[in-house]
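Engineer: One structure follows; several queries about it will come next.
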Amino acid sequence: MSANIKVDENDSGETEPVQNLTDGFHLLIDALKANDLNTIYGVPGIPITDFGRLAQASGMRVLSFRHEQHAGNAAAIAGYLTQKPGLCLTVSAPGFLNGLTALANATTNCFPMILISGSSEREIVDLQQGDYEEMDQLAIAKPMCKAAYRVLHAEDIGIAVARAIRSAVSGRPGGVYLDLPAKLFGQVIDADTGAMSIVKVIDPAPAQWPGQDAVERALSVIKSAKKPLIILGKGAAYAQADEAIRHFVETSGIPYLPMSMAKGLLPDTHPQSAGAARSLALKESDVVIMVGARLNWLLSHGKGKSWGEPGSKRFVQIDIEPREMDSNVEIAAPLVGDIASVMSSLAAGMTSNWPKPPAEWLNAINEKRDANLARMAPKLDGNEVPMNFHTALGALKNIIKERPETMLVNEGANTLDFARSIIDMYQPRKRLDVGTWGVMGIGMGAAIAAAVETGLPVLAVEGDSAFGFSGMEVETICRYQLPVCIVIFNNNGIYRGTDVNPTGGAEAAPTVFVKNARYDKMMEAFGGIGISAETRDELTKAVNDALDSGKPTLINAVIDENAGTESGRIGNLNPQSVVSKK
Ligand code: ADP
Ligand code: TPW
Ligand code: MG
């Protein structure tokens, strides 16, 4: 898009050739569009209000949120789903800081995004003279993300955007900060010079092949295993190497465990899924093949009781980030490269008569899995009123089974942990959740990005506390008429609704909320559909109606306030007081 700013250089009234000009606003739009970045999630204000208007006028989608953190979370999920950096646009200082949490969270989760923020003037900021929303944003962003850049000259916008894109998506993906001082937007340069300054990034995330020696080493470790196990992480989901992963899993015949956002990469009902025999698989395995998953807290750092006898494991790890190797335990066979390339290298070395793991191991896992599933089944068919987590999630499990294309968003404590294990996923990249930090507040941002980026119906399963962190974005969902159905598991509080003030005073205990709140009324305030569901049948009907109609809907699912446990499944991480409670 050319700026079409024309200046008549002759003020004497004679006709003179006019000079085509462009400015920072238009150059930024041109640079983004040249790289096929066409959607912006943000909050307007000085100095980026006109940028949003001009971007929309240019045909970009500019989606305004009610708080930058949720716009940032949406951008991060857009990046995860598309392998292109999601864009978040914020105003200076406070808007920037609101977006920064999402940028840090994206980086932690290896999601590519770019936080573009307007900022105050360098000269004033650096002398600390008190500009409007003054803050040294670049310095603050740097430790929170993968890379941070500032642009001072309009002719550098093209190269800066290119640099930001490549930084976000190449190698281990992550968040990038782009600092744009207010003055930059209004800088005017010659339009031809401007057009030449735009850079289209060629091959932004180049394939990274593992060395042949590394491949052979890994294959020999895998071949020697008596009890092998594959762990698929969200890096594997991000890589979009779905067929190559399926081929590796099925040719090897090795049981696999999906980490939560890798669920559905292969259907959870796949005969090799060890999801319902997780403890046994981790404890007893002798060779563990990590595919785009880190040995962080979510996997007890690859050691300790849940991993069985010390020294009983050898690890093969596939990751694009070399420094991930040996992060927590020794990696016997590191495979550094992108998952698609590594998988195809492994496949080349695996003949079709590749030996399957010993039957004894497969039987042990299958028996455990079937027993666990059988034990769980009756709980999921219950009709209790008020509903407990199993009643309500049993209903949602059946709905996702019938509608496997649905995007599922999930946050909370019990609401998260139970939903993760109960709701089977059938397709890749359908499950979006609290990720590596276990952060509350991703819900509405993730739901909005899921709807915008895929056009598919979205089901957001939210703890009542979790929802509160981003609840105001229901207005955004209604405004853009997105096909999002939010189900709030309302148990009157954080973990449970039963805590009382130990002093006997009237002030509420720290973990409880207003009893019997009607979250559904929030949706009605903005023209959406609000429903309070007290039974399994009411819940099933309301969700099906919402997914059929595509209308923004919020269902307040009334859950027994006694049903949850402290911190869900990670209560063991709570520090214990050594001084006895009174
Ligand atoms: P989970 O939480 O599901 O266990 P993590 O976020 O801990 O997953 O790990 C994801 C890993 O995937 C990161 O170490 C990241 O470097 C890696 N990764 C991301 N994209 C790719 C890719 N295309 N190829 C290989 N590894 C990747
Ligand atoms: C940004 C701490 C972990 S889980 C949770 C909080 C506040 C809410 C749990 O209650 P909810 O779920 O959602 O009602 P349920 O089903 O168990 O009742 N701030 C941030 N992130 C985290 N993780 C917290 C606080 C937390
Ligand atoms: Mg709750």
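Engineer: To the nearest 0.05, what FRET efficiency results for S567 and E155 with a Förster distance of 51 Å applied to their C-beta separation?
Structural biologist: 0.45
Engineer: Still on this structure, please answer the following. Considering the range 486-564, what Rg and Dmax in Å follow from its alpha-carbon atoms?
Structural biologist: For the range 486-564, the Cα-based Rg and Dmax read 14.6, 49 Å.
Engineer: Applying a 10 Å radius around every beta-carbon, put 33-44, 104-115 in order of their mean neighbour count, most first.
Structural biologist: 104-115, 33-44
Engineer: From the helices alone, meaning DSSP H stretches of at least four residues, give me the mean residue ellipticity at 222 nm for the chain, per-run term -39500 (n - 2.57), in deg cm²/dmol to the nearest 500.
Structural biologist: It comes out at -11000 deg cm²/dmol, rounded to the nearest 500.
Engineer: Same structure, new question: Counting only protein heavy atoms, what percent of the accessible surface of the range 3-197 is carbon or sulfur at a 1.4 Å probe?
Structural biologist: 51
Engineer: Could I ask something else about it? Take the Cα pairs of the chain, get the Kirkwood Rh, then feed it into Stokes-Einstein at 37 °C and 0.692 mPa s and tell me D in µm²/s.
Structural biologist: On the way: Rh = 25.6 Å.
The calculation lands on 128 µm²/s.
Engineer: Another one. For the ranges 234-246, 513-525, 366-378, what's the packing order if you count other beta-carbon atoms within 10 Å of each residue, average per peptide, and put the highest first?
Structural biologist: 234-246, 513-525, 366-378
Engineer: Give me the number: length gained by fully extending N501 to E534, i.e. 0.36 nm times residue separation minus the C-alpha to C-alpha distance, one decimal in nm. Walk me through the numbers on the way to the answer.
Structural biologist: Numbers: separation 33, 0.36 × 33 = 11.88 nm, distance 2.76 nm.
Length gained, N501 through E534: 9.1 nm.
Engineer: Going by accessible area, probe 1.4 Å, with all protein chains left in place, what is the ranking of E475, E534, E284, largest first?
Structural biologist: Output order, biggest surface exposure first: E534, E284, E475.
Engineer: What does the accessible area per residue of the range 3-197 come to in Å², with a 1.4 Å probe and no ligands, DNA or RNA counted?
Structural biologist: Per-residue accessible area for the range 3-197 comes out at 39 Å².
Engineer: How high is the relative contact order of the range 381-558, in percent, counting Cα pairs under 8 Å that sit 6 or more residues apart?
Structural biologist: Relative contact order, the range 381-558: 23 percent.
Engineer: Same structure again: Amide H of V62 versus every other amide H placed in the peptide plane: which residues, excluding those fewer than 5 positions away on the same chain, fall under 5 Å?
Structural biologist: Amide H to amide H, under 5 Å and 5 or more residues apart or across chains, V62 pairs with I40.
Engineer: What is the gain in length, in nm to one decimal, between L298 and N383 on full extension, counting 0.36 nm per residue of separation less the C-alpha to C-alpha distance?
Structural biologist: 27.3 nm
Engineer: If the limit is 19 Å between Cα atoms, which of K430/K541; K234/K356; K223/K263; K401/K430 go over it?
Structural biologist: K430/K541; K234/K356; K223/K263
Engineer: Please report, as a whole percent, how much of the solvent-accessible surface of the range 510-582 comes from carbon and sulfur atoms (probe radius 1.4 Å).
Structural biologist: The nonpolar share, carbon plus sulfur, comes to 54 percent.
Engineer: Going by Cα centres, the range 363-394 and the range 285-345 are how many Å apart?
Structural biologist: Rounded to whole Å, the Cα centres lie 31 Å apart.
Engineer: Using a 1.4 angstrom probe, figure out how much accessible area the range 381-558 has per residue, in square angstrom, rounded to the nearest whole.
Structural biologist: Heavy-atom SASA per residue in the range 381-558 reads 36 Å².
Engineer: Right, next: Which of the lysines could be linked to K305 by a straight reach, that is with a Cα gap under 24 Å, when you skip same-chain ones fewer than 8 residues away?
Structural biologist: Straight-line reach from K305, under 24 Å: K226, K227, K283, K313, K368.
Engineer: Here is a further query. Leaving out ligands, DNA and RNA, what percent of the accessible area of the range 212-366 is carbon and sulfur, probe 1.4 Å?
Structural biologist: Accessible surface attributable to carbon and sulfur in the range 212-366 totals 52 percent.
Engineer: Here is a further query. Please give the peptides 194-202, 155-163, 489-497 ranked by average Cβ packing (other Cβ atoms within 10 Å per residue), highest first, as a rough proxy for protection.
Structural biologist: Highest-to-lowest ranking by the protection proxy: 489-497, 155-163, 194-202.
Engineer: According to the Kirkwood expression over distinct Cα-Cα pairs, how big is the hydrodynamic radius of the range 381-558, in Å?
Structural biologist: It works out to 16.1 Å.
Engineer: When ligands, DNA and RNA are left out and all protein chains stay put, how many square angstrom of accessible area per residue does the range 212-366 have with a 1.4 Å probe?
Structural biologist: Counting only protein heavy atoms, the per-residue value for the range 212-366 is 40 Å².
Engineer: For A141, what charge total do you get from the other residues with a beta carbon under 12 Å from its beta carbon, if Lys and Arg give +1 and Asp and Glu give -1?
Structural biologist: +1
Engineer: Just to be sure I understand the model, the point goes 7 Å from the Cα along the line to the Cβ. What's the resulting Y132 to K283 distance in nm?
Structural biologist: That separation, rounded to one decimal, is 6.4 nm.
Engineer: Quick one: grab the alpha carbon gyration tensor of the range 301-365, order the square roots of its eigenvalues as a ≥ b ≥ c, and give me rounded if a/c is under 1.5, else prolate or oblate depending on whether a/b is larger than b/c.
Structural biologist: Because a/c hits 1.5 or more and a/b fails to exceed b/c, the range 301-365 counts as oblate.
Engineer: Here's something else I'd like to know. Measuring from centroid to centroid over Cα atoms, what is the spacing of the range 514-582 and the range 101-127 in Å?
Structural biologist: Between the Cα centres of the range 514-582 and the range 101-127 lies a distance of 33 Å.
Engineer: Pulled fully out, how much extra length does the chain show between N516 and Y480, if you take 0.36 nm times their separation in residues and subtract their Cα-Cα distance? Write down the numbers at each step before the final one.
Structural biologist: Numbers: separation 36, 0.36 × 36 = 12.96 nm, distance 2.90 nm.
The span from N516 to Y480 would gain 10.1 nm if fully extended.
The values are calculated or read from the model by the stated rules, or taken from the named source; none is laboratory data. Note that the coordinates shown come from a computational prediction; the quantities given were computed from them, not determined experimentally. Positions of Cβ are generated from backbone atoms using ideal geometry, with glycine treated the same way; all protein chains shown enter the neighbour counts. Ligands, DNA and RNA are excluded from the accessible area calculation, which covers all protein heavy atoms including side chains. Shrake-Rupley method; radii C 1.70, N 1.55, O 1.52, S 1.80 Å.
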